[in-house]
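Colleague: Quick one: structure below, then a few questions.
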Amino acid sequence: LSHIMTAQTEQESQLPARERGELLVERVLETQTIWGLMGADGWVMVDSDTQTCLPVWPDEASVAFWQRKDLPDSKPQAIALDEFTGTWLPGLKKNQIGLVLFPSGNLREGIVTSADELLLQLTDDDE
């Protein structure tokens with residue numbers, strides 16, 4: 001199973017950033033879980049051009065693909081979706097922290113979005 005997952009994850013992690021963003025929303029709604037990276041000093045954040053962002057992923061395997069050599073003590077950590085939408089996103093918004101959706105690859109890039117936008121995507125029930 002893990003081998004299949006890895007091949008799938010590898011394929012997914014090479015998708016264009018926008019598609020990875022859509023995939024993340026889809027997968028998170030399916031599993032009701034979103035993944036972050038917990039480092040020695042708390043959650044790993046990245047700096048984009050204008051703001052600090054929290055990178056999030058659809059599953060544990062995709063976090064591992066991004067995991068950085070300079071963060072040897074970090075490990076993937078799951079967050080329940082209801083906790084994420086209820087507590088995390090309002091907190092991120094208040095602190096003006098953005099989100100990077102499913103960053104991947106050497107450039108470690110992903111679509112940067114706001115807490116508000118992601119909340120809309122994750123709570124939009126009209127399929």
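The values are calculated or read from the model by the stated rules, or taken from the named source; none is laboratory data. Just so it is clear, the structure is predicted and the values come from calculations on it, not from any experiment. Here Cβ is always computed from backbone atoms with ideal geometry, including for glycine, and neighbour counts include all displayed protein chains. Areas reflect the complete protein model, heavy atoms only, side chains present, ligands, DNA and RNA absent. Shrake-Rupley method; radii C 1.70, N 1.55, O 1.52, S 1.80 Å.
Colleague: Looking only at the stretch 92-112, filter to residues that are over 15 Å from Gly36 (Cα atoms) and modelled with pLDDT of 95 or more; which one of those is most open to solvent (accessible area, probe 1.4 Å)?
Modeller: Going through the qualifying residues, I end up with Lys94.
Colleague: Moving on. Looking at (1) part of a helix (DSSP H, G or I); (2) closer than 18 Å to Asp116 by Cβ; (3) in contact (Cβ under 8 Å) with a residue 24 or more places away in the chain, can you tell me which one Thr87 breaks?
Modeller: Of everything listed in (1) part of a helix (DSSP H, G or I); (2) closer than 18 Å to Asp116 by Cβ; (3) in contact (Cβ under 8 Å) with a residue 24 or more places away in the chain, Thr87 misses just condition (3).
Colleague: Under the condition of being of a type outside the set (D, E, K, R) and in a helix (DSSP H, G or I), which residue from the stretch 37-63 is most open to solvent (accessible area, probe 1.4 Å)?
Modeller: Narrowing the stretch 37-63 to residues of a type outside the set (D, E, K, R): 37-40, 42-46, 48, 50-58, 61-63.
Those left that are additionally in a helix (DSSP H, G or I): 61-63.
Working: Ala61: 31, Ser62: 2, Val63: 0 Å².
By that ranking, first place goes to Ala61.
Colleague: Yes or no: the stretch 24-36 includes at least one residue that is under 12 Å from the mean Cα position of the chain (by Cα), open to solvent by less than 60 Å² (accessible area, probe 1.4 Å) and free of Cβ contacts under 8 Å to residues at least 40 places away in the same chain.
Modeller: yes
Quick grid of which residues meet (1) over 16 Å from Gly21 (Cβ atoms); (2) in a loop (DSSP other than H, G, I, E, B); (3) not aliphatic (A, V, I, L, M):
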residue	(1), (2), (3)
Phe65	no, no, yes
Lys69	yes, yes, yes
Glu83	yes, no, yes
Leu99	no, no, no
Leu122	no, no, no
